[in-house]
Amino acid sequence: MNDQDPESTIKKEELFKSTPVRAPNPKKVEELAKRIGVDLSETEVQTYCELMKSSLQCFAEIEKIPEPTLPVKYPRLPGYRPSSAENPHNAWYWKTNIHGAPDGILKGKKVAIKDNVAVYGVPMMGGSWVLEGYVPEFDATVVTRILDAGGLIKGKAVCEDFCLSGSSFFGARGPVLNPTNPTCDAGGSSSGSAALVASGEVDMAIGGDQGGSIRLPSSVCGVVGLKPTFGLVPYTGAQCIETTVDHLGPIAKTVSDCALLLEAIAGYDDGLDPRQNEAKIKPIQYSKELEITNLIKIGILKEGFDHKESDPRVTELIKNEAAKLAGDRLLLQNVSVPMHKDGTNIWFCFGYRGLADTMMRGCSAGGGYKGFYPTSLIDAVGRGVQTQTNDLSGTLKLCWMIGEYMKHEYRGRYYGKAQNLRRLLVAEFDKVFQEVDVLVMPTIPYPPKKLPINDAGLPDLLAQAFGPVTNTMVFNTTGHPAITINAGYIDGLPIGMMLVGKMFDEVTLLKVARAYEQISNATASQ
């Protein structure tokens with residue numbers, strides 16, 4: 001059809017009118033000008049109105065072109081929302097039965113997927129009322145890799161509202177209960193993932209971790225949780241909080257299963273995830289690298305035990321359990337990184353602004369990078385946030401307001417300074433990693449807490465939600481890999497020991513965790 005043909009022109013205009021992008025009226029142009037600090041006369045308003053109308057034609061043109069998306073390789077039924085009888089810990093959001101390849105390293109393994117990760121045809125809520133009703137039309141890369149490895153996906157695990165809580169009571173559908181004691185917090189934000197593994201309903205689960213959200217629930221539920229090195233596992237197809245701290249990783253009952261799931265999901269994603277550096281990502285059979293064959297030096301990190309909220313019982317337990325690792329091939333020594341205590345503040349200084357721009361204004365995707373953009377998710381989050389802002393959790397409202405305030409009052413200065421200080425923090429830890437191979441500290445420096453009572457005030461709720469991140473958030477800031485493993489119990493509740501390693505040295509972390517697992521199992525059987 002000729003571009004000059006009148007019929008062709010009419011059809012293009014009709015298409016343009018039907019697209020989501022509408023030309024702004026003069027009032028909107030005036031509002032836009034004021035928002036960016038520009039004064040326009042009435043004549044200029046009309047001029048810019050016409051200019052914008054013609055300039056927006058490009059959006060109508062690209063709306064015609066089908067966009068590439070992520071592959072869906074395995075058929076499935078959508079599943080169902082389980083009844084309370086099927087969901088005793090409130091840990092399931094949705095149940096499915098998605099079969100993958102007939103063979104593979106995950107054959108026979110039942111897997112849960114955190115509900116901030118897209119699964120084709122299965123509802124995705126992200127823990128928030130503002131996203132309820134969204135159904136992805138693609139599989140996240142980790143989902144495809146699990147199915148390629150023969151895993152059986154049993155459903156979506158509950159997570160906290162937009163994953164912004166270290167405790168398990170800020171999800172839209174109510175608190176996730178700790179399987180060890182249902183009156184206690186199950187940790188966040190991968191609350192359902194850890195609870196389902198701990199209760200034995202699945203063998204393993206995918207968690208997400210921006211400030212400790214794999215390790216915190218794994219610690220308080222008594223299971224193994226690994227936050228890999230930043231970029232090792234592709235984040236493609238999951239909701240973002242801040243692009244420089246987003247991680248996905250495995251949660252499992254045992255170190256060997258944790259290694260197996262990591263083996264299935266790790267690896268470069270062909271340029272779809274901007275967090276990845278292809279040159280640094282090498283395929284490794286983690287499940288076959290669990291035996292210690294060389295000397296490993298372990299550092300007891302002073303600052304990891306030395307917080308104002310540290311419980312002396314946790315300090316004593318972790319130091320005693322770490323001492324059990326000493327042997328012919330495991331050498332312990334005390335180390336110090338004074339800047340460890342600055343890591344959480346650095347995270348918050350870039351994190352507040354980052355989550356405001358990426359998670360809220362950027363609709364869980366952000367921008368400014370080459371890679372895959374989940375446009376249907378962007379639409380769903382954008383509509384929900386715009387129309388249901390009051391339904392957001394207290395954690396989100398507070399952090400978003402701080403992010404907006406710092407952005408508009410102080411521009412990007414503190415975001416930039418914190419990102420610069422991140423490099424200094426990484427260098428400080430890398431300096432210590434010239435002396436030792438692994439660091440040890442409590443995952444959380446105090447025992448799990450009770451779930452809050454119904455009339456708890458917002459300040460108390462926020463303190464409990466953000467309190468556990470003292471040690472974990474530091475390593476989202478730096479990107480070093482970190483694993484938590486159960487080190488025993490206080491008042492009948494699990495206490496996690498966190499091991500931190502060199503960049504892309506998950507093998508050593510898994511070896512030490514496995515060695516401790518064997519020691520603790522042997523002690524328990526005596």
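Filtering the range 347-378 to residues that are of a type outside the set (Ser, Thr, Tyr) and touching a Pro at 6+ places or on another chain (Cβ under 8 Å) leaves Ala365, Lys370, Gly371, Pro374, Leu377.
Within the range 220-262, if we keep just the residues that are β-branched (Val, Ile, Thr) and closer than 22 Å to Thr395 by Cβ, the residue that is surrounded by the fewest Cβ atoms within 10 Å (Cβ to Cβ) turns out to be Thr244. Answer yes if at least one residue in the range 152-160 is touching a Pro at 6+ places or on another chain (Cβ under 8 Å), within 30 Å of Pro447 (Cβ to Cβ) and surrounded by fewer than 23 Cβ atoms within 10 Å (Cβ to Cβ), and no otherwise. No: the range 152-160 contains no residue that is touching a Pro at 6+ places or on another chain (Cβ under 8 Å), within 30 Å of Pro447 (Cβ to Cβ) and surrounded by fewer than 23 Cβ atoms within 10 Å (Cβ to Cβ).
Restricted to the range 176-208, and to residues there that are under 20 Å from the mean Cα position of the chain (by Cα) and of a type in the set (Ser, Thr, Tyr), the residue that is farthest from Lys110 (Cα to Cα) is Ser189. Annotation: of all residues in the range 63-112 being farther than 16 Å from Val176 by Cβ and among the basic types (Lys, Arg), the one that is farthest from the chain's Cα centre (by Cα) is Lys64. Restricting to the range 370-394, name every residue that is of a type in the set (Val, Ile, Thr) and either in contact with a Phe, Trp or Tyr (Cβ under 6 Å, 6 or more places away or on another chain) or over 15 Å from Phe162 (Cα atoms) (or both). Of everything in the range 370-394, those that are of a type in the set (Val, Ile, Thr) and either in contact with a Phe, Trp or Tyr (Cβ under 6 Å, 6 or more places away or on another chain) or over 15 Å from Phe162 (Cα atoms) (or both) turn out to be Thr375, Thr387. Of all residues in the range 1-35, those satisfying the criterion of being modelled with pLDDT of 90 or more and part of a loop (DSSP other than H, G, I, E, B) are Ala23, Pro24, Asn25. Here the condition is being buried (at least 24 other Cβ atoms within 10 Å of the Cβ) and touching a Leu at 6+ places or on another chain (Cβ under 8 Å); of Gly212, Gly207, Gly171, it holds for Gly207 alone. Which of the residues belonging to the range 78-98 are in a loop (DSSP other than H, G, I, E, B), touching a residue at least 24 places away in the same chain (Cβ under 8 Å) and loosely packed, with under 14 Cβ neighbours inside 10 Å? Across the range 78-98, the qualifying residue is only Pro78. Scanning the range 147-160 for residues that are within 13 Å of the chain's Cα centre (by Cα) and more than 19 Å from Asn178 (Cβ to Cβ) yields nothing. Would you point out the residue of the range 336-359, among those that are surrounded by fewer than 22 Cβ atoms within 10 Å (Cβ to Cβ) and either among the charged types (D, E, K, R) or not assigned by TED's automatic domain parsing to the domain that holds Ala427 (or both), that is farthest from Ile402 (Cα to Cα)? Residue satisfying both the conditions and the ranking: Lys341. For the range 419-526, the helices (runs of 4 or more DSSP H) that sit wholly inside it and include 3 or more residues that are among the charged types (D, E, K, R) and touching a residue at least 12 places away in the same chain (Cβ under 8 Å) are 506-525.
Taking strands (runs of 3 or more DSSP E) as the structural unit, those lying wholly within the range 151-234 and holding at least 3 residues that are touching a helix residue (DSSP H, G or I) at 6+ places or on another chain (Cβ under 7 Å) correspond to 204-208, 224-227. For the residues Glu409, Glu404, the requirement of being more than 21 Å from Gly211 (Cα to Cα) and assigned to a helix (DSSP H, G or I) singles out Glu409. As for the range 373-387, it holds no residue that is modelled with pLDDT of 95 or more, in the same structural domain as Leu272 (by TED's automatic domain parsing) and surrounded by fewer than 16 Cβ atoms within 10 Å (Cβ to Cβ). Set side by side, the residues Ile296, Ile284 differ, and just one is farther than 15 Å from Leu106 by Cβ, out of contact with any Ser or Thr (no Cβ under 9 Å at 6 or more places or on another chain) and either surrounded by fewer than 22 Cβ atoms within 10 Å (Cβ to Cβ) or of a type in the set (S, T, N, Q) (or both), which is Ile284. Residues of the range 271-284 that are farther than 18 Å from Val512 by Cβ and in a loop (DSSP other than H, G, I, E, B): Gly271, Leu272, Asp273, Pro274, Arg275, Gln276, Asn277, Ile281, Lys282, Pro283.
The values are calculated or read from the model by the stated rules, or taken from the named source; none is laboratory data. Given the structure is predicted, the values throughout are model-derived calculations rather than measurements. Neighbour counts are summed over all protein chains in view; Cβ atoms, including those assigned to glycine, are modelled from backbone coordinates with ideal geometry.
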